[in-house]
Amino acid sequence: METGKLYVVPTPVGNLEDITLRAINLLKECDLVLAEDTRTSGFLLKHFGIETRMQSHHKFNEHHTTAEMVERMKAGNKIALISDAGTPAISDPGFLLVRACIQEGVAVECLPGATAFVPALVESGLPNDRFCFEGFLPQKKGRQTRLKQLAEENRTMIFYESPYRVLKTLTQLAEHLGGSREASVSREISKIYAETVRGTLQELIDHFTQQAPRGEFVIVVSGK
């Protein structure tokens, strides 16, 4: 039978208009949409008149559903993978499915599209010719070790963070890299209240001590 394919489809991180026409058409034409949260993605699909059936695929079940999805694609199904926002597999579920498809000879295609760290990096004004994407720092085990290693990093560093840990992360970065290190914090990228604040790590700590952090954050820090 015809071999199916996995399409990794980026979805908007904020403004719904950031989705591409190709992504909309592909989500309409595929056999199944794997969504990190079907309720969240349901709003997106309804907005664009997409009626393709959805199925949950998230970090709590991906180890159990991956093999089944690969077999469906080997049988000819075209499956699209989306996350709540941005590009799947970038600090979101997706890597396990992509790897399994490649191992089993199933074609994989990732569409270009929204990813939160790219606009945050560009807006930071920090060097972006070379950078390292760190995603979320370990919450407990290995966190201090990673911070010590990053103190010697020469490239611009990018981190994702929740509003509940922004101050903690900025404070720990200042402790290991120095409070005078240049940095930038972007929040709510592509949304109504999008904001980018630039300064030293200490200045950013002072700012978010006075202004309660709200929304999803991207922290960009200059290298050594």
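The values are calculated or read from the model by the stated rules, or taken from the named source; none is laboratory data. These figures come from a predicted structure and were not determined experimentally. Note that we place each Cβ from the backbone using ideal geometry, even for glycine, and neighbour counts take in every protein chain shown. Areas reflect the complete protein model, heavy atoms only, side chains present, ligands, DNA and RNA absent. Shrake-Rupley method; radii C 1.70, N 1.55, O 1.52, S 1.80 Å.
Points worth noting:
- Residues that are at positive phi and either among the hydroxyl-bearing types (Ser, Thr, Tyr) or at pLDDT 95 or above (or both) within region 136-164 are absent altogether.
- Region 78-90 residues that are within 14 Å of Thr20 (Cα to Cα) and touching a residue at least 60 places away in the same chain (Cβ under 8 Å), paired with ones that are among the acidic types (Asp, Glu) and in a loop (DSSP other than H, G, I, E, B) (beta carbon under 8 Å, 6 or more apart): Ile82/Glu36; Gly86/Asp92
- Checking Leu97 against (1) closer than 26 Å to Ser162 by Cα; (2) open to solvent by 20 Å² or more (accessible area, probe 1.4 Å), the condition it does not meet: (2)
- Among the residues of this structure, Met69 does not count as one that is open to solvent by less than 50 Å² (accessible area, probe 1.4 Å), under 14 Å from Leu34 (Cα atoms) and in contact with a Lys or Arg (Cβ under 8 Å, 6 or more places away or on another chain).
- For region 2-29, filtering for residues that are of a type in the set (Gly, Ala, Ser) and either farther than 19 Å from Phe95 by Cα or part of a helix (DSSP H, G or I) (or both) leaves 2.
- Among the residues making up region 14-37, those that are modelled with pLDDT of 95 or more and closer than 20 Å to Val98 by Cβ are Thr20, Arg22, Ala23, Leu26, Leu27, Cys30, Asp31, Leu32, Val33, Leu34, Ala35.
- Only one of the listed residues (Val122, Val108) is surrounded by 14 or more Cβ atoms within 10 Å (Cβ to Cβ), of a type in the set (Val, Ile, Thr) and out of contact with any His (no Cβ under 9 Å at 6 or more places or on another chain). That residue is Val108.
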